[in-house]
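Below is one structure, written out as structure tokens; the observations come after it.
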Amino acid sequence: MAQRGARCATAILAEAAQAGKPGRMRLDEATNLAIILAMPGDLQFEIIVDDTVALHFAALERKDRVAVLDAIEQQLRYDAIVMTRNRKPLRIPNSLNASWELRCGANNRYRVFYDVDLEERLVVVLAVGRKAGNRLVVGNEEFEL
């Protein structure tokens, strides 16, 4: 895993998508410093982004990437396993091998698929896609729902 310093997560994912780096990247925690300082550290989930997700982000428009990254940080940092209107557990097995789904973006048209490791306090983002009707486009793949 590469060192990132205080760079924003959008830049990290964009660079990784261009370079095709293998492995997983951690979202930059400095982007939400005020929230992190207000919450006890042991209640946070560490967010890890699978290497294939960098390619999924590359397929999104820039403004949409920022909105999805913000939603990941705000919705999954502290409450990754709390079911809400926009966050729900998925039936397993599914084609993405994810256990949770987060709806986000304008008109909830984006989906973030992730797994949670409660013991390690980890959220692993496995896929990001755009929902249109009964179709889901993840990177260059299309899934029929």
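Values in this text are rule-based calculations from the coordinates and carry no lab data. Because the structure is predicted, anything quoted here is derived from the model rather than measured. As a convention, Cβ positions derive from the backbone with ideal geometry for all residues, glycine included, and neighbour counts pool all protein chains shown.
The table below gives the values:
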{"quantity": "Extended-chain gain in nm, criterion 0.36 nm per residue less alpha-carbon gap, Ile81 and Ala132", "calculated": "15.8 nm"}
{"quantity": "The range 72-145: relative contact order as a whole-number percent, Cα under 8 Å and 6+ apart", "calculated": "18 percent"}
{"quantity": "Net charge over other residues, Cβ less than 14 angstrom from the Cβ of Arg135 (K, R count +1; D, E count -1)", "calculated": "+1"}
{"quantity": "Cβ-defined net charge surrounding Glu61, 12 Å radius [Lys, Arg +1; Asp, Glu -1]", "calculated": "+4"}
